[in-house]
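What follows is a set of notes on a single structure, which appears directly below.
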Amino acid sequence: MLEAHLEDVPATTPIELWFCDEARIGQKNGVVHQWARKGTRPRQPADQRYENAYLFGAICPARGKGAAIASPWVNTEAMQAHIDEIARHVAPGAHAVLVMDRAAWHSTSKLVMPANITPILLPSCSPELNPVENIWQYMRANWLSNRVFESYDAIIDVMCEAWNKLAALPDVIKSIGLREWAHVGRCK
């Protein structure tokens, strides 16, 4: 199935496997478990406001690389900006296979795929096949949960800071994102 989508890519071109998704991050953020002395209950901040933003993120687990953009909306324009950002992070001379779910803004014919990207859509209702879902869990557990954001700008600042921390940890991206089934074919 993969080769059928790559028939126009020369056989000598290295292929990178990228996974992408988006996460809503905002004032209605989740809480995570934390350590506390036996018999005590730790305080966890909660917010009743509804301001939020979206982080479009993609990873190439084999290279330990990531590409992301922050957006106030999830729509075709934001997805196009994200795809263009991913294209800038594909290794020079390589071609990316971009694996994503079937959200309307992922599968619309209005998207213009860069020459170095071929999209592949996951089967419906299969988030377990996308390791970016695990990236969101890691980021929430380590940098985004148990917080109150004072404003929209604070949400953007913290989500960008969290993504930059993750991007600086290629071994974490590899350990979370590598899937045995995803290493067949012409990977670099």
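The values are calculated or read from the model by the stated rules, or taken from the named source; none is laboratory data. Note that the structure is a prediction, hence the values are computed from the model and not measured. Here the Cβ is made from the backbone with ideal geometry for all residues, glycine too, and neighbour counts use every protein chain on show.
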Among the numbered conditions (1) surrounded by fewer than 17 Cβ atoms within 10 Å (Cβ to Cβ); (2) out of contact with any strand residue (DSSP E or B) (no Cβ under 7 Å at 6 or more places or on another chain), tell me where residue 105 comes up short.
(1)
Anything in the stretch 37-60 that is part of a loop (DSSP other than H, G, I, E, B) and either among the small types (Gly, Ala, Ser) or modelled with pLDDT of 95 or more (or both)? List them, or say none.
39, 46
Name the single residue, out of those in the stretch 125-144 being part of a loop (DSSP other than H, G, I, E, B) and under 23 Å from residue 6 (Cβ atoms), that is farthest from the chain's Cα centre (by Cα).
126
Looking at the stretch 63-77, is at least one residue under 30 Å from residue 10 (Cα atoms), touching a Gly at 6+ places or on another chain (Cβ under 7 Å) and in a strand (DSSP E or B)?
yes
Confirm whether residue 130 is within 27 Å of residue 13 (Cβ to Cβ) and in contact (Cβ under 8 Å) with a residue 12 or more places away in the chain.
yes
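Assess whether residue 105 counts as being modelled with pLDDT under 95, in a helix (DSSP H, G or I), within 14 Å of residue 22 (Cβ to Cβ) and not charged (D, E, K, R). Give the steps one after another, and end with the answer.
Working: modelled with pLDDT under 95: yes; in a helix (DSSP H, G or I): yes; within 14 Å of residue 22 (Cβ to Cβ): yes; not charged (D, E, K, R): yes.
So residue 105 fits the description; yes.
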Does the stretch 151-171 include one or more residues that are surrounded by 17 or more Cβ atoms within 10 Å (Cβ to Cβ), among the small types (Gly, Ala, Ser) and over 24 Å from residue 8 (Cα atoms)?
yes
Number of the condition not met by residue 184 [criteria: (1) under 18 Å from residue 53 (Cβ atoms); (2) touching a helix residue (DSSP H, G or I) at 6+ places or on another chain (Cβ under 9 Å); (3) modelled with pLDDT under 90]
(1)
